[in-house]
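See below for the structure under consideration.
What follows is calculated from the coordinates using simple rules that are stated; it is not laboratory data. What you see is a predicted model, and the numbers here were worked out from it, not measured in a lab. Using ideal geometry, Cβ is built from the backbone for each residue, glycine included, and neighbour counts are taken over all protein chains shown.
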Amino acid sequence: MSERISRRKFLKTGALGVVGMMTQRKAPAIQIRRQPNLLFIHVDQMFCDAISAHGCKHIKTPNIDRLIANGISFRLSYSANPVCCPARAAWYTGRATSENGVVRNDKYPLLESIPDLGQWFRARGYEAIYVGKWHVTGRDVTKSFTALPAGHFCGQHGDGAVARAASSFLMNYRSDKPFFLSVGFLQPHDCCYWVFAHRQPLDKIPFPEVSNDLPPIWENFGYDPREPETFQKRWRKGWEWGQISQWSEEQWRYYRWSYYRMVEMVDAQVGRILDALEDSGLDKSTVVIFSSDHGDGMGAHKLWQKAYFYEEAARVPFIVSWKGHFAEGIIDEKHLVSGLDLAPTLCDLAGIDPPPKFRGMSLRPLLEGKDVQWREFLVSEVDVTGRMVRTPEWKLITYYGDKTDQLFDMRNDKGEMRNLAMEGKYADVVNDLKKLLSDWERALEPAKL
């Protein structure tokens, strides 16, 4: 069910005023047009529930909370492929990664024949602007967008510089044409480097003064060992696991604490952009969408990083706000949303046809509060063999060629602690979900890698 949140609750924080002082104030721009501006703010490696408005007591995200207070947050939102390059390629094409060619990081390029949203909106009268991290293999961002600082996957331009560039663009925009501005922040991605720097067990954490502030260990810190061998080779036996397998619970708690601080850092930069949007007078003519390419394990199931289908890595924020047009303060816990939905949603809101053969659904009916028939399931991919099928009740994880599947009851086992695929009485459920997956895959046009 959906829950309405008090807008006043989110706007009481004094942090908003501090962030607002960072943006130079100018006279509001005057714009009269029928098509809305589109602002897509995306971060890297952020779990859906690392947001104070979503109930996390160990973090303060006043600016992301502000977006939720002014819009709708979809809690059942999943990355189309919980890896950087593939997730972003899915965003910008509306095509599954097995179709667009970007099935892994930095190796397989986006097919030249598939247009991206920058090219698509440019050709249809929008100013297409990009600032920050791009990270779509094989596609030069400057060929698709007007790039401010183009960014780099390792953070050539820090988030502060990205926020300043985006804010300056908004404060100085005077064109009669609508814009599609995409802003790519790097954080909280760099929590990875804390792991790289502390691969061995520590006698004590680096900053003992924060010991009393560390979040508790996850309830799903453990895991059902009946995992697919494909998964285990990388995450239980590979180099990633070797770095962290001997960590103490306190070290895991410190990792999660550090991760939350990085989310707070990027939240402050989001606030700078939202302040600039309001100060420019463009807020009522601009749709804002906030999301992340994928999440991070954060210690759940004794995991970090991405590239798997447990909730912490696969479920991501998807927040939409358009003042005066959509409902406000709504947390939607009913509708399944995919990263593939970004392209058709933006196109629908702009009143233009989406790219051909897109695989997602426009969220516009849900944003407008209409009672419409929605998808019964969604699919997420990892590499060329991993697949997740998610329904409101079940999650199936399968790897082609692997004899072990995973099935979780997502209503009664939200922590994914009991693999029901190994129990015979659930065989029909597994078979039904595999039938949905087979039907979905038959509609695809796989890329030749």
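Details
- Both radii are taken from the alpha-carbon atoms of region 35-374; with Rh as the Kirkwood radius, Rg/Rh is 0.96.
- For region 48-185, the Kirkwood estimate of the hydrodynamic radius, built from every pair of different alpha carbons, is 16.5 Å.
- Computed from the Kirkwood radius of its Cα pairs, the Stokes-Einstein diffusion coefficient for region 328-367 at 20 °C and 1.002 mPa s stands at 197 µm²/s.
- Structure remark: mean-square fluctuation, Gaussian network model of the chain, C-alpha springs under 10 Å; the largest value among Ala123, Ala165, Ala147 belongs to Ala123.
- Its Cα gyration tensor gives region 341-411 an equivalent ellipsoid; the semi-axes, largest first and in whole Å, are 30, 17, 7.
- Hydrodynamic estimate: the Kirkwood radius of region 102-242 over Cα pairs, inserted into Stokes-Einstein at 4 °C and 1.567 mPa s, corresponds to D of 68 µm²/s.
- Top of Tyr310, Tyr400, Tyr78 by mean-square fluctuation, Gaussian network on the chain, Cα under 10 Å: Tyr400
- Size descriptors for region 361-449 (Cα atoms only): Rg and Dmax, in that order, 14.9, 44 Å.
- Euclidean distance between Cα centres, region 302-340 to region 57-97, Å: 5 Å
- Residues whose amide H comes within less than 5 Å of that of His294, counting only those at least five positions distant or on another chain, are Gln45, Met46 (H built at 1.01 Å from N in the peptide plane).
- For region 78-84, Karplus couplings with θ = phi - 60° (6.51, -1.76, 1.60), whole Hz, Gly/Pro x: 10, 5, 5, 6, x, 9, 3
- Helix-only mean residue ellipticity at 222 nm for the chain, each DSSP H run of n ≥ 4 adding -39500 (n - 2.57), per residue, nearest 500: -8500 deg cm²/dmol
- Region 80-164, dipole about Cα centre (Lys/Arg Cβ +1, Asp/Glu Cβ -1), debye to the nearest 20: 40 debye
- Of all lysines in the structure, the ones whose alpha carbon falls short of 26 Å from that of Lys57, not counting any fewer than 8 places away in one chain, are Lys9, Lys12, Lys204, Lys302, Lys306, Lys334, Lys414.
- When the convex hull of its Cα atoms is viewed from all sides, region 298-395 shows a mean projected area of 8.1 nm².
- HN-Hα J in Hz across region 365-370 - Karplus 6.51, -1.76, 1.60, θ = phi - 60°, x for Gly and Pro: x, 5, 5, 8, x, 7
- Mean-square fluctuations from a GNM of the chain, with a 10 angstrom spring cutoff on Cα atoms, peak among Glu264, Glu333, Glu423 at Glu423.
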